[in-house]
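Presented below is the structure to which this report refers.
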Amino acid sequence: MHPVTLNPSSFFRRIPLAPHQMRDRLTRNEDAIVLCHLGVPRLDREQWSLTIDGLVERPLTLRFNDLERYPKALVTSFHQCAGNPLRPFEPTRRVCNITWGGVRLADLLADCRVTPRAEYVWSYGADFGEFDGVGIDAYVKDLPIARLEADALVAYEMNGDALPAEHGFPARLVVPGFYGTNSVKWLTRVTLAESRASGPFTTRWYNDPVLDDTGRETGKTKPVWSIAPESLIVSPAPHEIVERSLEQQIWGWAWADGGVESVHVRLEDEAAWLPAELEPARGREWQRFSIVWRPRHPGTVVLASRAKANNGARQPVSGQRNAIYSVPVTVI
């Protein structure tokens, strides 16, 4: 029997901002995306604990005040939902840019003395219930240990404030550059293991088919971990009216695990992608891009942006969760 109260006690989401409303570099807590598969646990900070076990020489159980004794780390990072696991290739544009505060997971693992056999970290949330007809005892995800030791946090602050309940209070995992499904909220346990976890959120959902060079499925799958290159146009807004012959600044945000190399924007010529100005990378934050456009002809123009990651990957035109984003405007 679970001692934790869920409120709400089922799937819950809140998407406060459309892309054209994402004007601020740092997203306010009340404007950050919320998606909870199983509900929102209501936890008491004084009763909460985090257990680290598995392939470690020294298992630990930490209370909240134990976390506060470790050096505090701050990481500002884009944070993106991978979308509905039942419709994995449907673009959602659910993204924000947050400053997280907490303890580096690497510091906690160092105190546990992880054994050489450990290759994966399983993380457990306090949420439980039913999703798509499947009973879930606990929300469990896994990640390669090398990535988690790099810059992952056990976070207890969001933009300088204590985590709101729906964002994982009192502590959550934050994995910059990985889709939000991997940043387990209401974190209660971390287990070091040789293999991947066998739960439904690691085997049934959040696995993409591997495609061959022709775009056909190979029958293999890959976990939804690293965030693929993506961009969105903030201004102009969809269906905005712009005047012909007047300069318009088109701008937006681009992001990818490992950073963005370039962004191209499509204007009136549907066959031409023009290079936008892209600000230098600032750690794990999203990057602002812009281009000046002087419309030439009246009518409807569909603007679009396309990001290229530092690893060479580009946004696909369609068919993937990170497909290009387009904005129709009217030129008068």
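The values are calculated or read from the model by the stated rules, or taken from the named source; none is laboratory data. On a predicted model such as this, the values are computed, not experimentally measured, just so you know. Glycine gets a Cβ as well: all are built from the backbone with ideal geometry, and neighbour counts include every protein chain shown.
For segment 302-332, name all the residues that are surrounded by fewer than 21 Cβ atoms within 10 Å (Cβ to Cβ), closer than 19 Å to PRO275 by Cα and β-branched (Val, Ile, Thr).
The answer is VAL302, VAL317.
Residues of segment 137-171 being on the phi > 0 side of the Ramachandran plot and assigned to a helix (DSSP H, G or I), which ones?
If the condition is that a residue be on the phi > 0 side of the Ramachandran plot and assigned to a helix (DSSP H, G or I), then no residue fits.
Return the residue satisfying two criteria in turn: it lies in segment 196-228 and is in a strand (DSSP E or B) and among the small types (Gly, Ala, Ser), and of such residues it is modelled with the lowest pLDDT.
GLY219
Which condition does ARG216 not pass, out of (1) farther than 29 Å from ASP24 by Cα; (2) surrounded by 12 or more Cβ atoms within 10 Å (Cβ to Cβ), if it passes all the others?
(2) is the only condition that ARG216 fails.
Condition check: under 22 Å from VAL121 (Cα atoms), modelled with pLDDT of 95 or more and in the same structural domain as GLU194 (by TED's automatic domain parsing). Does ASP66 satisfy that?
yes
If the requirement is being of a type in the set (Ser, Thr, Tyr) and surrounded by fewer than 17 Cβ atoms within 10 Å (Cβ to Cβ), which of these qualifies: THR27, THR51, THR76?
Unique residue meeting the criteria: THR51.
Identify the single condition in (1) in a helix (DSSP H, G or I); (2) more than 23 Å from the chain's Cα centre (by Cα) that ALA118 does not satisfy, given that it satisfies every other one.
Going through (1) in a helix (DSSP H, G or I); (2) more than 23 Å from the chain's Cα centre (by Cα) one by one, ALA118 breaks only (1).
State all residues of segment 184-213 that are among the hydroxyl-bearing types (Ser, Thr, Tyr), surrounded by fewer than 19 Cβ atoms within 10 Å (Cβ to Cβ) and under 20 Å from the mean Cα position of the chain (by Cα); if no residue qualifies, say none. Walk me through how you get there before you give the answer.
From segment 184-213, those among the hydroxyl-bearing types (Ser, Thr, Tyr) are 188, 191, 195, 198, 202-203, 206; that's our starting set.
Next, from what is left, pick out any that are surrounded by fewer than 19 Cβ atoms within 10 Å (Cβ to Cβ): 195, 198, 203.
THR203 - this is the single residue of segment 184-213 that is among the hydroxyl-bearing types (Ser, Thr, Tyr), surrounded by fewer than 19 Cβ atoms within 10 Å (Cβ to Cβ) and under 20 Å from the mean Cα position of the chain (by Cα).
With the requirement that a residue be without any contact (Cβ under 8 Å) to a residue 40 or more places away in the chain and either under 22 Å from the mean Cα position of the chain (by Cα) or under 17 Å from SER198 (Cα atoms) (or both), what does segment 121-137 give you?
Taking segment 121-137 and keeping what is without any contact (Cβ under 8 Å) to a residue 40 or more places away in the chain, we get 133, 135, 137.
Correct list: GLY135, ASP137.
Can you pull out every residue in segment 259-276 that is surrounded by 20 or more Cβ atoms within 10 Å (Cβ to Cβ) and assigned to a strand (DSSP E or B)?
Passing the criteria: VAL260, VAL263, HIS264, VAL265.
Give the residues of segment 107-141 that are closer than 17 Å to ASP53 by Cα, surrounded by fewer than 16 Cβ atoms within 10 Å (Cβ to Cβ) and not polar (S, T, N, Q), sorted by residue number.
ASP107, ALA110, ASP111, ARG113, PRO116, ARG117, GLU119, listed by residue number.
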